[in-house]
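Here is the structure we will look at, set down as structure tokens.
Nothing in this text is a laboratory measurement; each read-out follows from the coordinates by a stated rule. Everything numeric here is computed off the predicted structure, so don't read it as measured data. Counting neighbours? That spans all protein chains shown, and the Cβs are built from the backbone with ideal geometry, glycine included.
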Ligand SMILES: [Fe+2]
């Protein structure tokens with residue numbers, strides 16, 4: 001097991017619009033793009049008294065594990081039927097804006113191209129849910145969306161542990177992306193000709209699944225389904241305490257959420273061209289290995 005210090009770049013900032021100089025910004029972007037977790041040990045997200053009433057897992061619809069919120073559409077879903085949405089609406093809107101401020105001040109180069117996606121509130125304990133292996137986030141994986149093709153864009157995520165009882169959110173971080181890709185990419189068959197159109201037609205995907213999305217989903221599934229890999233591969237164990245936040249490119253960093261209850265999360269999309277070192281992106285790494293474009297113009 002490698003140490004937490006390798007996997008994390010720790011930054012002791014204390015607010016969501018931090019005043020940091022360009023040297024810190026450079027260190028942070030280098031760490032993030034090289035596949036480290038940017039760990040903010042002193043960045044809590046305080047809840048109002050009304051919001052604290054929702055620190056219970058039964059506010060989520062019985063079928064789901066999180067309440068989701070789109071800041072762009074001002075829409076909330078995944079709430080149990082008996083609940084009223086107003087309080088969580090405001091909480092997630094505030095979290096969404098806070099996470100946006102954090103990313104745009106810490107990584108100013110990303111600001112013009114950053115797309116704010118969904119936020120989520122996760123009040124259900126991560127350990128102990130019965131799921132299929134593909135859906136089990138306690139297994140090491142890189143993120144890939146089966147129904148929403150990202151077309152090479154990065155998946156950037158901000159998390160905050162808001163547990164009121166002092167419980168950690170426990171993650172594992174596995175080997176670097178290039179090692180994951182070298183191990184699994186050669187085993188993934190090319191997509192069937194015409195399959196992208198077929199998946200779109202059947203409404204399995206929103207838009208065409210590009211070869212990049214096909215291979216990323218292949219990595220995600222093959223990592224999770226390989227029991228031997230899960231048991232043998234090296235990882236660093238990271239415990240995120242309540243009152244801490246962390247930022248990660250979850251399409252690049254092999255990660256597993258082992259346990260923890262009550263977290264907030266905001267997802268962003270970022271075009272590869274907006275990165276400081278685009279060559280570190282999964283898109284460029286996979287294209288280098290395949291020797292071809294994985295998001296062709298025809299898609
Ligand atoms: Fe994940």
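Of note:
- Annotation: the residues 63, 75, sorted from fewest to most other C-beta atoms within 10 Å of their own C-beta, follow the order 63, 75.
- Helix 211-225 axis, angle to the chain major axis (alpha carbon atoms, nearest 10°): 70 degrees
- Computed from label points 7 Å out along Cα-Cβ, the spacing between residue 188 and residue 58 is 4.2 nm.
- Between residue 227 and residue 178, the modelled label-to-label distance comes to 3.3 nm, taking each label 7 Å out from Cα in the direction of the beta carbon.
- Ranked packing of 110-123, 82-95, most packed first, by mean Cβ within 10 Å: 110-123, 82-95
- Relative packing of 242-248, 277-283, which averages over residues the other C-beta atoms within 10 Å, highest first: 242-248, 277-283
- The range 180-299, relative contact order [Cα under 8 Å, separation at least 6], %: 28 percent
- For the chain, built as a Gaussian network whose Cα springs stay under 10 Å, the top-fluctuating residue of 48, 160, 105: 48
- Residues in the range 163-198 that a label on residue 136 would reach, taking backbone N under 18 Å of a point 7 Å out along Cα→Cβ: 170-174
- Over every Cα atom in the range 4-290, the radius of gyration and the widest Cα-Cα span, Dmax, amount to 18.5, 55 Å.
- Full-stretch length increase - residue 290, residue 90 - with 0.36 nm per residue and alpha-carbon distance subtracted: 67.5 nm
- Degrees, to the nearest 10: 86-106 long Cα axis against longest axis of the chain: 60 degrees
- Most mobile listed residue (286, 156, 202) in the chain, GNM with C-alpha springs under 10 Å: 202
- Our summary gives the chain a relative contact order of 30 percent, counting only alpha carbon pairs under 8 angstrom and 6 or more residues apart.
- On Cα atoms only, tilt of 22-33 relative to the major axis of the chain in degrees: 60 degrees
- Between residue 30 and residue 167, the modelled label-to-label distance comes to 3.8 nm, taking each label 7 Å out from Cα in the direction of the beta carbon.
- Shape call, the range 153-213: gyration tensor on alpha carbons, a/c limit 1.5: oblate
- Within a Gaussian network of the chain (alpha carbon springs, distance under 10 Å), most fluctuating of 25, 266, 131: 131
- Mean residue ellipticity, 222 nm, helices only, the chain: the sum of -39500 (n - 2.57) across DSSP H runs of n ≥ 4, divided by residue count and rounded to 500, is -8500 deg cm²/dmol.
- Relative to the globular-protein estimate of 2.2 N^0.38 Å, the Cα radius of gyration of the range 66-177 stands at 1.19.
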